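Peer 1: Dumping the structure here so I can ask a few things about it.
Read-outs: derived from the displayed coordinates by stated rules, not from any lab. If you're wondering where the values come from, they're calculated on a predicted model, not measured in any experiment. Using ideal geometry, Cβ is built from the backbone for each residue, glycine included, and neighbour counts are taken over all protein chains shown.
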Amino acid sequence: MHKVIIANPEKCTGCGVCEMVCSASKDKAFNPRMSRIRVVKIEPMVVTALTCRLCKDAPCVASCPRKALEQSDENGVIIVDEEKCNGCGWCIESCEFGAITLHPKKRVIFACDLCEGKTPCVKFCIRDALEFAALDRVSGRARVSAVKNLFQK
């Protein structure tokens, strides 16, 4: 299973440092709209960060009418051919996680590419809320934690 960047909503404060680090490392600008990681509010009291989940048989790739997207066999990252992409947004609509967005300047889509495994957003997260790990490992820990919480109440 591919590794992804996962946020722990119990630690995430929504500070946005991850967004700033991402946009600075990728686009040399401190602009959350240019970030490949997004701070999102799920409920009034839950804030967390979200990146591409590198879905198996990624719906974003399948939905692209111009074949501008492909998924790396090596690490699962969604690769965008900017010459083919016209920013139509079909891939954005098909992403269940809202992890694909339109670049505000280039007008083509973009998603987290894991920075070749260096993941500066994880490195600079001031609350250690981000982790670069296999999704099934993180999901397993979350299930164990949820069961423990049930018995503590």
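Peer 1: Considering Cα pairs under 8 angstrom that are at least six residues apart, work out the relative contact order of the chain and quote it in whole percent.
Peer 2: Details: 261 pairs, mean separation 45.3, N = 153.
Answer for the chain is 30 percent.
Peer 1: Going through the cross-link list Lys67/Lys106; Lys26/Lys67; Lys41/Lys105; Lys11/Lys67, which pairs have a Cα-Cα distance over 27 Å in this structure? Intermediate results must be reported in sequence, preceding the final value.
Peer 2: Working: Lys67/Lys106 18 Å; Lys26/Lys67 24 Å; Lys41/Lys105 25 Å; Lys11/Lys67 38 Å.
Violating the 27 Å Cα-Cα cut-off are Lys11/Lys67.
Peer 1: Applying 1/(1 + (r/R0)^6) with R0 = 25 Å to the Cβ-Cβ distance of Glu93 and Ala29, what FRET efficiency is obtained, to the nearest 0.05? Intermediate values should be presented prior to the final figure.
Peer 2: On the way: r = 26 Å, r/R0 = 1.06.
Once rounded, the FRET efficiency stands at 0.40.
Peer 1: Please work out the C-alpha center-to-center distance from the range 65-137 to the range 1-29 and express it in whole Å.
Peer 2: Result: 12 Å between the Cα centres.
Peer 1: Another one. So what is the 222 nm mean residue ellipticity for the chain from helices alone, if each DSSP H run of at least 4 adds -39500 (n - 2.57) and you divide by all residues, rounding to the nearest 500 deg cm²/dmol?
Peer 2: Numbers: 5 runs with 44 residues, N = 153.
Using -39500 (n - 2.57) per qualifying helix, the result is -8000 deg cm²/dmol.
Peer 1: If you line up the long axis of helix 135-152 against the longest principal axis of the chain, both from Cα atoms, how many degrees apart are they, to the nearest 10?
Peer 2: Once rounded, one gets 30 degrees.
Peer 1: Hey, another quick one. Find out how many positive minus negative residues lie around Asp81, taking Lys and Arg as positive, Asp and Glu as negative, among other residues whose Cβ is under 10 Å from that of Asp81.
Peer 2: Values: positive: Arg66, Lys67, Lys84; negative: Glu70, Glu82, Glu83.
Its environment carries a net charge of 0.
Peer 1: Any chance you could run the full-extension gain for Ile126 through Glu82? It's 0.36 nm times the residue separation minus the Cα-Cα distance, nm to one decimal. Write down the numbers at each step before the final one.
Peer 2: Values: separation 44, 0.36 × 44 = 15.84 nm, distance 3.30 nm.
Value of the extension gain: 12.5 nm.
Peer 1: Calculate, in nm to one decimal, what Lys106 and Lys67 gain on full extension: separation in residues at 0.36 nm each, minus their alpha carbon distance. Write down the numbers at each step before the final one.
Peer 2: Details: separation 39, 0.36 × 39 = 14.04 nm, distance 1.81 nm.
Stretched fully, the Lys106-Lys67 segment lengthens by 12.2 nm.
Peer 1: Counting only residues 5 or more places away or on other chains, whose amide H sits under 5 Å from the amide H of Val40 once H atoms are built in the peptide plane?
Peer 2: Correct list: Thr48, Ala49, Leu50.
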